[in-house]
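The values are calculated or read from the model by the stated rules, or taken from the named source; none is laboratory data. Since the model is a prediction, treat every value here as computed from it, not as a measurement. Here Cβ is always computed from backbone atoms with ideal geometry, including for glycine, and neighbour counts include all displayed protein chains. Ligands, DNA and RNA are excluded from the accessible area calculation, which covers all protein heavy atoms including side chains. Shrake-Rupley method; radii C 1.70, N 1.55, O 1.52, S 1.80 Å.
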Amino acid sequence: MSPLVVDGKLKDKVKILLRLQPQPWHVASMQTHEAILAVARVAPDQLLEYIDALYKVNEDFYDIPASTLTSLQIHEKALEVGTPILGREKVAEAKELLLLKGTPNGGNAVTNELKYFIKLGRQNGVHVSPTVLWDGLVADEVSSSWGEAEWTKFFDARVAV
């Protein structure tokens, strides 16, 4: 989808709002989403490239491989994926955002953003990944298995180019 919207024929016609929806039943989901939010703050122009890199190694964060890691180790591992893209300085800034606050249950600098996305997903009945909303309505036909052909057909039906 990204080549069509970011650089392609839909660049000035479609706006993508990425709404994260962590799946709490997966061991590393919350921490990888927190890493994404931290990168969004320190390097917003490189966010999609970072997400793509993280997705390429997503099996490293599946339940069994992540089962023996602490939250801090998952943050560290997820952010290290971004080093070639972001550079060490930006990764260090992102890590700083993920340090726990002074209170015992205060979360970190991106906790409130993560809560917002979770509340938004609950409000809109988001239960599966991906859930795509088009003009505010769930587009049930969208699938995680879609490639360029399916996205092109989806957009062609909705956008006059």
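A few remarks follow.
- Length-normalised contact order for the chain - Cα pairs under 8 Å, 6+ apart - percent: 26 percent
- Of every Cα-Cα pair in the stretch 1-75, the percent that sits beyond 16 Å: 56 percent
- Accessible-area value, D60, 1.4 Å probe, nucleic acids and ligands omitted, Å²: 70 Å²
- Considering only N58, Q73, Q123, and ranking their Cα positions along the charge dipole of the chain that arises from unit charges at the beta-carbon of Lys, Arg, Asp and Glu, the one farthest toward the positive end is Q123.
- Ordered from highest to lowest accessible area with the whole protein assembly present and a 1.4 Å probe, S71, S145 read as S145, S71.
- H26 accessible area, 1.4 Å probe, all protein chains in place, Å² to nearest 10: 70 Å²
- The chain: most fluctuating residue of K77, K115, K13 per GNM, C-alpha cutoff 10 Å: K13
- Partners for K56 among aspartates and glutamates (Cα-Cα distance below 20 Å; same-chain residues under 8 apart left out): E34, D45, E76, E80, E148
- Rolling a 1.4 Å probe over the protein heavy atoms leaves S144 with an accessible area of roughly 90 Å².
- Rh by Kirkwood over Cα pairs, then Stokes-Einstein D for the chain at 0.890 mPa s and 25 °C, µm²/s: 143 µm²/s
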